[in-house]
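The values are calculated or read from the model by the stated rules, or taken from the named source; none is laboratory data. From a predicted model like this one, the values you see are computed outputs, not experimental measurements. When we count neighbours, we look across all protein chains shown, and the Cβ atoms used for this are built from the backbone with ideal geometry, even at glycine. These area figures cover heavy atoms from the full protein model, side chains too; ligands, DNA and RNA do not enter into them. Shrake-Rupley method; radii C 1.70, N 1.55, O 1.52, S 1.80 Å.
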Amino acid sequence: AVAVLSGLLFVGMIFKTIDDKIPTQIAQANQNTVLPTNEEDINENVPTESVPTQKVIDKRVIQIKKYLSKRNSPLAGYAQDFVDAADKYKIDYRLVSAISIIESGGGKTTFKPYNAWGWSKSGFANWKEGIYTVSKGLGKYYRNGLTTPKLISKFYCPPSADSWASKVQHVMNEISKQ
């Protein structure tokens, strides 16, 4: 048993000696060719460009897009903008798209260009501008503690506040089910 152990130790020392004297070759990928490089060069040749990653799709975007698509809304393709604007102005992500459904069938019938919300008396240059402008305006309500359609309705749509609030809340709930 001692002879076997001594033999294994001797063989291990030989391999260690050989390993120390022979430089380790590592293949380093270069766009079109593979070049051998020493182990010490690896840390010096680390690429600084970022590795492409797969984009994560926000569930909220999917919910809005599904809901608006089922209604053939021209705003369906702007689901990401609804979520981005909501995050920017700290409002519920469903609110602006829900109001568009109640006010204009999701942008199908507008009284001014790209104004699916009945916001002010003007139109917008495009849907994105409308989404961000309305979100910013609703953000002011939120900052004053008016964070539900019922609380907002008394200022947003006074003549039919309760009915409007109920409809907007219903659409918001439906968006959540998508």
Every residue in the range 135-161 that is charged (D, E, K, R) and modelled with pLDDT of 95 or more, please. K136, K140, R143, K150
I'd like the full set of residues that are open to solvent by 40 Å² or more (accessible area, probe 1.4 Å) and closer than 13 Å to L95 by Cα, limited to the range 157-171. S166, K167, Q169, H170
Cβ pairs under 6 Å, 6+ apart or interchain, first in the range 144-161 and over 13 Å from E103 (Cβ atoms), second open to solvent by 70 Å² or more (accessible area, probe 1.4 Å) and among the basic types (K, R), ordered by first then second residue, are A161/K154
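Give the range 106-120 a look and list any residue that's open to solvent by 30 Å² or more (accessible area, probe 1.4 Å) and either touching a His at 6+ places or on another chain (Cβ under 7 Å) or farther than 14 Å from G137 by Cα (or both), or say none.
Once the filter is applied, which keeps residues that are open to solvent by 30 Å² or more (accessible area, probe 1.4 Å) and either touching a His at 6+ places or on another chain (Cβ under 7 Å) or farther than 14 Å from G137 by Cα (or both), the range 106-120 yields K108, T109, T110, F111, K112, P113, Y114.
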For A98: the one exception among (1) surrounded by 20 or more Cβ atoms within 10 Å (Cβ to Cβ); (2) of a type outside the set (D, E); (3) more than 21 Å from F155 (Cα to Cα): (3)
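Each row is one residue, and each column tells you yes or no for (1) open to solvent by less than 40 Å² (accessible area, probe 1.4 Å); (2) touching a helix residue (DSSP H, G or I) at 6+ places or on another chain (Cβ under 6 Å).
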site: R71; (1), (2): no, no
site: L75; (1), (2): yes, yes
site: F82; (1), (2): yes, yes
site: A85; (1), (2): yes, yes
site: G130; (1), (2): yes, no
site: K136; (1), (2): no, yes
site: Y141; (1), (2): no, yes
Whichever residue in the range 51-64 is free of Cβ contacts under 8 Å to residues at least 40 places away in the same chain and under 23 Å from T147 (Cα atoms) and, among such residues, is surrounded by the most Cβ atoms within 10 Å (Cβ to Cβ): R60
